[in-house]
Amino acid sequence: MRLVFIGPPGAGKGTQAVRLAAWCQVVHLSTGDVFRENIRAGTPLGAAAREHLDAGELVPDALTDALVADRLAEADCASGFILDGYPRTLAQADALDHVLAESSRELDGVIELHVGDEVLIDRLLTRGRSSGRSDDTAPIIRRRLDRYRNDTHPLVELYERRGRLIRIDGDADPDSVQRRLREDIEMRTTSKE
Ligand code: ADP
C-alpha cells in the first residue's frame, strides 16, 4: 500500500497516518517529524531546516525531495509507505512521480483530510500549549495555513484528476476518522482483487 496524506496543519494527518501505517504494516514517513528530529539532534539538515519551520515556511524543495528519495529507496519501503506532509508543492509532486517511476511504483491513493479553518486554529492553539512546537503560535499558524492554501491545496485537484483522491472528513473524533480510513482502504483493496 502506497499512500499520501494531504491536509492543512491541525487536520490530524500525523495521528491518523501513524495509526493507518501500523494497521497496513507499512513505513510511516513524516517530513515534519524528520526535520524536527534533525533540529533536535543538531545535524546539518536540522540547521538548514530550522529557520523555515520557525517561520511557518516550507523547507526548500531540494532538501525535502532528497530526504524523501533516499528514504523511499530503503528496503523497508518496498512493501509500501505512507507519506505524511509530502508532497506539499506541485514541484514536490513532480519529484515524487520521478522517484516512483524509476522503481516502477505508483501511488494507490492520496488522502485529503478535510477540516474547517475555525476547528484547525482551535486545535493548533490548544496543541501549542502542550506540544512545545515553536510553530504552534497564532501568527505562525496563519502563515502555515496560507502556505497550505497557496502551495499544497492545488495538489488535491491534481490527484483528483488522476483519480487517486480519497476525501475524508477530519472534523470527527480521531477513532471515527481512523475507522472511515480503514473502511475506505479495505474497500479499495478488495475491489482490486
Ligand atoms: P503541519 O502540517 O502541522 O504544519 P508538519 O510536521 O507536517 O506539520 O510540518 C511542519 C513544518 O515542517 C512545515 O511548516 C515546514 O516548515 C516543514 N515541512 C514539512 N514537510 C515539508 C515539505 N514536504 N516541504 C517543505 N517543508 C516541509
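Residue check: is Val156 at pLDDT 90 or above and part of a strand (DSSP E or B)? For Val156, the condition - at pLDDT 90 or above and part of a strand (DSSP E or B) - is not met. Would you be able to say whether some residue in segment 118-133 is open to solvent by less than 30 Å² (accessible area, probe 1.4 Å) and free of Cβ contacts under 8 Å to residues at least 24 places away in the same chain? For segment 118-133, residues open to solvent by less than 30 Å² (accessible area, probe 1.4 Å) and free of Cβ contacts under 8 Å to residues at least 24 places away in the same chain: present.
List, please: which pairs have Cβ atoms under 8 Å, are six or more places apart or on different chains, and start with a residue in segment 54-80 that is of a type in the set (Ser, Thr, Tyr) and end with one that is within 9 Å of the ligand (Cβ to nearest atom)? Every condition considered, the pairs that remain are Thr64/Thr31; Thr64/Leu58; Thr64/Tyr86; Thr64/Arg88; Thr64/Gln92.
Yes/no per residue for (1) within 12 Å of Pro8 (Cα to Cα); (2) without any contact (Cβ under 8 Å) to a residue 12 or more places away in the chain:
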site: Arg143; (1), (2): yes, no
site: Tyr148; (1), (2): yes, no
site: Thr152; (1), (2): yes, no
site: Tyr159; (1), (2): no, no
site: Ile168; (1), (2): no, no
site: Pro174; (1), (2): no, no
site: Arg179; (1), (2): no, yes
site: Ile185; (1), (2): no, no
site: Thr189; (1), (2): no, no
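Among the candidates Ser104, Ser134, which residue alone is away from the ligand (no atom under 13 Å from the Cβ), farther than 18 Å from Gly7 by Cα and hydroxyl-bearing (Ser, Thr, Tyr)? One residue alone meets the criteria, Ser104. Among the residues of this structure, Asp54 does not count as one that is within 15 Å of the ligand (Cβ to nearest atom), more than 28 Å from Ile140 (Cα to Cα), out of contact with any Phe, Trp or Tyr (no Cβ under 9 Å at 6 or more places or on another chain) and not in a loop (DSSP other than H, G, I, E, B). Residues satisfying the criterion are absent from segment 64-82 (criterion: within 11 Å of the ligand (Cβ to nearest atom) and surrounded by fewer than 18 Cβ atoms within 10 Å (Cβ to Cβ)). Here segment 1-51 is the region considered, the condition is being more than 10 Å from the ligand (Cβ to nearest atom) and of a type in the set (D, E, K, R), and the residue that is farthest from the chain's Cα centre (by Cα) is Arg40.
The values are calculated or read from the model by the stated rules, or taken from the named source; none is laboratory data. All figures in this text were calculated on a predicted structure; none of them were measured in a lab. Here the Cβ is made from the backbone with ideal geometry for all residues, glycine too, and neighbour counts use every protein chain on show. Accessible surface is based on the protein model in full, side chains and every heavy atom, while ligands, DNA and RNA are left aside. Shrake-Rupley method; radii C 1.70, N 1.55, O 1.52, S 1.80 Å.
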